[in-house]
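The values are calculated or read from the model by the stated rules, or taken from the named source; none is laboratory data. Please read all numbers here as calculations on a predicted model, not as lab measurements. Cβ sites come from the backbone with ideal geometry, for glycine too, and all protein chains shown count toward neighbours.
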Amino acid sequence: MEDPGKISHVVIVGGGTAGWMSAAFLSRMFPQRQMRITVVESAEIGTVGVGEATVPSILFFNQFVGVDEPTMMSASQGSFKLGIEFVGWSDPGARYLHPFGAFGAPMEGVSFHAYWLRARRRGYKAELAEFSLNSLAAQGGRFDWHVDDPHDPRSGMVHAYHFDASLYAQLLRRVSEGRGVRRVERTIRGVNLDPVDGTIASLALDDGETLAGDFFIDCSGFRGLLIGQALGMGYEDWSEYLPANRAVAVPSARYEDPVPYTRATAERAGWRWRIPLQHRTGNGYVYVADQISDDEAAGSLLAALAAEHPGNEILADPRFLRFTTGRRTRSRHKNCVSLGLASGFLEPLESTSIHLVQFGLMKLAASFPRAKDDPVATDFYNRIMADEMEQIRDFLIYHYHANRRVGEPLWDRMRALAIPESLREKIDLYRTRGQVIFPHQSIFVEPNWLAVMMGQHGEPEGYDPLADRMDDRQLAEYLQHMRIACRQAADRMPSHASVLERLAAAAQQKAGSA
């Protein structure tokens, strides 16, 4: 006999990237006969395309929902991403790359960079980036993937994507509807709660109809229509740590072959992004409202684009976004879970917006409700999501806090910031012994922290004493072998542009044979 409390109909409120990622994920996880899925979206309400850059976890998501790389890259006009270049974050004009993937390879359980730091104390000249295949490839405009030989360093390449988030959402919509997901184009006029248990019973639509469901996913953006307005979950404001609260975005025409990395350039009142796609370039300025007006920010962004690429065509008027950095006090409550902007916002400095949607879906799968109100699973989910967002928050704070832009009010204030104790401990461990393995690491692990801490702080005072176990001759041979292997592997890679051309041809061939 079927359990009457079983979840059999999930209603997703809002389309966009978060909504259609949810639909694609759930329709892959549950067969159509087991779970009905409905997406309610309105043409009257636009979506916020803040995330056109991703982190490597997106590869797993695409694989799980059944989207192959050539199809995705073609449909979303995507390019590959090997990391993020930071310009002017330590000192004005200085730059460093935060690459995905490892630096070198560990030896006898000791991190590679500990050996490198030991050698630097003895006058070794090679930079750490020379031991990162992602860094070498990004700097040379190269890319390669799917190398099956485990002895070839290219087999360990780690990448993500830049893509047009709206086009990506459209692709996922086609995938979802092909699996039986129902789309309802309506505006929601009200939310009806169960008078007995306070769960969401149904949605009141603008045509007078009601849409009932067992479980609801709130992808309604900053409004938080379900989680905030209907269920009353508050918002934890992190502006004290991350004061940026505005962004202005403008697309420009493609002016060069897309490079395989994102660029984040520090400015007086915040930072600018550049995201290269196949058909255009995404540009934007994240800033603090008390440091610069909206008009000034838009003017500064357009002036910077004109100076960097004279004559480059601007494709649309500047679009403004207001936000408050932080998260919901509970991102899941009763029979509702919030994803995307409805659950919180962390500025896109490290491209984590789409990751948090994916992470939330995976943790929802791991704690899928046994009934409309499942408090044990809900508490588990909220604890995991809160921890993930706080780990990302600390990583973002560090970028600002470790700056050396003396004499600029925003940056002076961020250097003097009373940072969370969890971040202070990380800084102390790095400074004294070069340690970058920290508790509760998830999205950002040892190589990520190492790249940013090296780029912002420079070399630490000490290194792991276990690196002293290797004698000087062995150390020299080890470093030389690793450096040559990385350089040779990078030199064997084709250009990023040629790889994109091959993928486009593969996608076209597949479409022609379908």
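Given the condition assigned to a strand (DSSP E or B), of a type in the set (A, V, I, L, M) and in contact (Cβ under 8 Å) with a residue 24 or more places away in the chain, answer yes or no: does some residue in segment 235-243 qualify?
Residues of segment 235-243 assigned to a strand (DSSP E or B): 235-237.
Checking the rest, the ones that are also of a type in the set (A, V, I, L, M) come to none.
Checked against the condition, which is being assigned to a strand (DSSP E or B), of a type in the set (A, V, I, L, M) and in contact (Cβ under 8 Å) with a residue 24 or more places away in the chain, segment 235-243 yields no hits at all.
Go through (1) without any contact (Cβ under 8 Å) to a residue 60 or more places away in the chain; (2) buried (at least 16 other Cβ atoms within 10 Å of the Cβ); (3) not in a helix (DSSP H, G or I) for W449 and report which single condition fails.
With (1) without any contact (Cβ under 8 Å) to a residue 60 or more places away in the chain; (2) buried (at least 16 other Cβ atoms within 10 Å of the Cβ); (3) not in a helix (DSSP H, G or I) applied to W449, the lone miss is (3).
Each row is one residue, and each column tells you yes or no for (1) under 23 Å from the mean Cα position of the chain (by Cα); (2) surrounded by fewer than 17 Cβ atoms within 10 Å (Cβ to Cβ).
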{"site": "R405", "(1), (2)": "no, no"}
{"site": "P409", "(1), (2)": "no, yes"}
{"site": "R415", "(1), (2)": "no, yes"}
{"site": "R424", "(1), (2)": "no, yes"}
{"site": "P439", "(1), (2)": "yes, yes"}
{"site": "M453", "(1), (2)": "yes, no"}
{"site": "R473", "(1), (2)": "no, yes"}
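If you go through segment 415-446 one residue at a time, how many are in a helix (DSSP H, G or I) and in contact (Cβ under 8 Å) with a residue 24 or more places away in the chain? If you could, list the steps in order and put the result at the bottom.
Of segment 415-446, the ones in a helix (DSSP H, G or I) are 415, 421-433, 446.
Applying the additional criterion that residues be in contact (Cβ under 8 Å) with a residue 24 or more places away in the chain yields 422-423, 426-427, 430-433, 446.
The qualifying residues number 9.
Take the residues of segment 168-201 that are of a type outside the set (A, V, I, L, M, F, W, C) and in a helix (DSSP H, G or I): which is surrounded by the most Cβ atoms within 10 Å (Cβ to Cβ)? Talk me through it step by step, then tell me what you get.
Residues of segment 168-201 that are of a type outside the set (A, V, I, L, M, F, W, C), as a first pass: 168, 170, 173-174, 176-180, 182-183, 185-187, 189-190, 192, 194-195, 197-199.
Those still in the list that are in a helix (DSSP H, G or I) too: 168, 170, 173-174, 176-178.
On the way: Y168: 28, Q170: 15, R173: 20, R174: 12, S176: 26, E177: 16, G178: 11.
In this case the residue turns out to be Y168.
Return the only residue of A386, A342, A366 being farther than 28 Å from A247 by Cα, among the aliphatic types (A, V, I, L, M) and either buried (at least 22 other Cβ atoms within 10 Å of the Cβ) or out of contact with any Leu (no Cβ under 9 Å at 6 or more places or on another chain) (or both). Show your work before the answer.
On the way: A386 fails: farther than 28 Å from A247 by Cα; A342 fails: farther than 28 Å from A247 by Cα.
A366 is the lone residue from the list that is farther than 28 Å from A247 by Cα, among the aliphatic types (A, V, I, L, M) and either buried (at least 22 other Cβ atoms within 10 Å of the Cβ) or out of contact with any Leu (no Cβ under 9 Å at 6 or more places or on another chain) (or both).
Scan (1) touching a helix residue (DSSP H, G or I) at 6+ places or on another chain (Cβ under 7 Å); (2) free of Cβ contacts under 8 Å to residues at least 60 places away in the same chain for the single condition D471 breaks and write down its number.
With respect to (1) touching a helix residue (DSSP H, G or I) at 6+ places or on another chain (Cβ under 7 Å); (2) free of Cβ contacts under 8 Å to residues at least 60 places away in the same chain, D471 is out only on (1).
With out of contact with any His (no Cβ under 6 Å at 6 or more places or on another chain) and outside any helix (DSSP H, G or I) as the only criterion, which of G512, G462, G455 stands out?
On the way: G512 fails: outside any helix (DSSP H, G or I); G455 fails: outside any helix (DSSP H, G or I).
From the options G512, G462, G455, the qualifying one is G462.
For A204, state whether it is of a type in the set (A, V, I, L, M), within 19 Å of the chain's Cα centre (by Cα), at pLDDT 95 or above and not in a loop (DSSP other than H, G, I, E, B). Steps first, answer last, please.
Details: of a type in the set (A, V, I, L, M): yes; within 19 Å of the chain's Cα centre (by Cα): no; at pLDDT 95 or above: yes; not in a loop (DSSP other than H, G, I, E, B): yes.
Here the answer is no, as A204 does not meet what is asked.
Where the second residue is of a type in the set (D, E, K, R) and buried (at least 23 other Cβ atoms within 10 Å of the Cβ) and the first is in the same structural domain as L356 (by TED's automatic domain parsing) and lies in segment 319-332, which pairs have Cβ atoms under 6 Å and are six or more apart or on separate chains?
Pairs found: none.
If you scan segment 122-159, which residues turn out to be more than 23 Å from Q456 (Cα to Cα), outside any loop (DSSP other than H, G, I, E, B) and of a type in the set (G, A, S)?
Within segment 122-159, S155, G156 meet the criteria.
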